[in-house]
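First comes the structure, then the notes that go with it.
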Amino acid sequence: MDGARLSVIIVGGGLGGLATAIGLQRVGHHVVILEKAPVLGDIGAGIQMPPNATRVLQQWGILPELEKLSIAPGKGMMRSYRDGEILSTVVMGDDLCQKYGAPYLLVHRVDLHHLLADAAQREGAIIQLGSEVTGITSSANNGAFVQLANNTSLSADLVLAADGERSRCRSHLLGQEFPWRDSGDHVFRAIIPIQALHQNDQLGQLTEGLNWWIGPQGNALTYSLKRDNLFNIVLTQAHAPDAEVQFAPKPIAQPEVAAEFPNWDPLFHRLLTLANSCSRWTLLHTDMAPRWTAEAGNIALVGDAAHAMLPYTGQGAALAFEDAATLSILFASLTDKSQIPDMLTIFETIRKPRAAEMRRRVQIVRDIYSMPDGDQQHERDRQLREHEPFDGYPNILADPVLQRWMFGYNAIEHAREALIKFGKGEFPGTRGTWKSTTHL
């Protein structure tokens, strides 16, 4: 790195925090990750890694490691909740990879978490476990500070808050609370050994790709995972208005899960009978932060702390990877520490519109996938069954316009384009530090 070398504190050792650490270490900065948990990544199940996410890891040279731990689904099938009829099929696998230059992968969250932690440490990042951050402060002249639960304080040139949807740093940064709101849905998760499905031909076919059942007030997504040869089932279903809010997953008996989906496809119910563990929790959400950076310009929110979203498009983690890639490109160009505020301004300016639009799309997809019985649902299913994909097609993976917008996005290229504008003194909202650039 030719320019200024920064000390960076990242609050939170989740997927977004670790990815950001990898990106900033790779361009020459010194990163310390503060994670309150005593261990990393021992919870969770499957996660989707679409091309806009795997493209980032490809650029960093760690995609081959991820591919060894992942499954690339060959196709995605959208099914009627009534009888399992396949309404729409989208080809994935090699076709999708060739189209976007990066694969669509399915991986266990624990494997992904450990991969990122190992990569961050190889790059030189320091991960401090058991380090709970209780507050953040900053000044334009003295840098940024984090306060820890043990009453100590640490300082850095730059603090990035990647402490997730329940971000404490966000409340400190913006001086307001971001209350949780009930989305109206419960989430259910079930795990099945893949070998149990292969004892029945129909069930065995479900292991070959992604499958969705879309029904009234809910939907179900299933796919295989390489870790421990598991089959992952994620279901959402509208709950009663007076239902108890469950903040964390709690075990639930399989018959109780099945009772939430009456009159659904008999094959779907046969699948549920194989589940040896099920859990349920309430799907909660918060508003997107209206501002992502501190007044002094040396603290910023990233990932879910900035723009958490409901899971219906499988893009929440992917946007955190995009954030990480954007920050790595912007801070690779830094020639003087005075440019930190402008780099964060550019980051927020180019990332916020995409995050806001993705959140809007998520709500549309939720409504489409859980449409109540009636004429609109019948028309939705007819369009899926009879039409070639079009702009607004009810299968988001097959919608050619939405697919290109989600999967074709290249965070690295967008950041480089923004830097070109900044280097010419043409980026709105910045503080004039483009004059210090030498090689943008």
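The values are calculated or read from the model by the stated rules, or taken from the named source; none is laboratory data. Just so it is clear, the model here is predicted, and its values are computed rather than measured. Note: ideal-geometry Cβ built from the backbone for every residue, glycine included; neighbour counts use all protein chains shown. These area figures cover heavy atoms from the full protein model, side chains too; ligands, DNA and RNA do not enter into them. Shrake-Rupley method; radii C 1.70, N 1.55, O 1.52, S 1.80 Å.
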> Given L66, L40, which one is out of contact with any Gly (no Cβ under 8 Å at 6 or more places or on another chain) and of a type outside the set (S, T, Y)?
Replying inline: L66
>> Residues that are polar (S, T, N, Q), at least 2 per element: which strands (runs of 3 or more DSSP E) completely within the stretch 75-170 meet that?
In response: 86-91, 133-139, 153-156
>> Could you go through the stretch 218-230 and let me know if any residue there is free of Cβ contacts under 8 Å to residues at least 60 places away in the same chain, open to solvent by 50 Å² or more (accessible area, probe 1.4 Å) and among the β-branched types (V, I, T).
In response: no
>> Can you go through L116, L63, L96, L69 and tell me which one is within 16 Å of the chain's Cα centre (by Cα) and either modelled with pLDDT under 95 or among the aliphatic types (A, V, I, L, M) (or both)?
In response: L116
> Which residues, counting only those in the stretch 261-284, are in a loop (DSSP other than H, G, I, E, B), closer than 20 Å to A196 by Cα and in contact (Cβ under 8 Å) with a residue 40 or more places away in the chain?
Replying inline: D265, L274, A275, N276
>> Return the residues of the stretch 354-377 that are more than 15 Å from D287 (Cβ to Cβ), buried (at least 18 other Cβ atoms within 10 Å of the Cβ) and of a type in the set (G, A, S); say none if nothing qualifies.
In response: S370
>> With the requirement that a residue be under 21 Å from I412 (Cα atoms), open to solvent by less than 30 Å² (accessible area, probe 1.4 Å), aliphatic (A, V, I, L, M) and not in a strand (DSSP E or B), what does the stretch 1-56 give you?
In response: A4, L6, L15, L18, A19, A21, I22, L24, A53, V56
>> Please determine whether any residue of the stretch 387-409 is among the basic types (K, R) and either within 27 Å of V159 (Cβ to Cβ) or touching a residue at least 12 places away in the same chain (Cβ under 8 Å) (or both).
In response: no
>> Conditions first: (1) farther than 30 Å from E177 by Cβ; (2) touching a residue at least 24 places away in the same chain (Cβ under 8 Å). A258 passes all but one, so which condition is the exception?
In response: (2)
> From the list S88, S138, which residue is of a type outside the set (A, V, I, L, M), surrounded by 19 or more Cβ atoms within 10 Å (Cβ to Cβ), in contact with a strand residue (DSSP E or B) (Cβ under 8 Å, 6 or more places away or on another chain) and closer than 17 Å to N298 by Cα?
Replying inline: S138
>> I need a count of the residues in the stretch 332-353 that are in contact with a Gly (Cβ under 8 Å, 6 or more places away or on another chain), crowded, with 19+ Cβ neighbours inside 10 Å and more than 15 Å from G303 (Cα to Cα).
In response: 7
> Residue check, L210 against (1) modelled with pLDDT of 95 or more; (2) more than 24 Å from the chain's Cα centre (by Cα), all met but one. Which one?
Replying inline: (2)
>> Looking only at the stretch 285-303, filter to residues that are outside any loop (DSSP other than H, G, I, E, B) and within 15 Å of the chain's Cα centre (by Cα); which one of those is modelled with the lowest pLDDT?
In response: H285
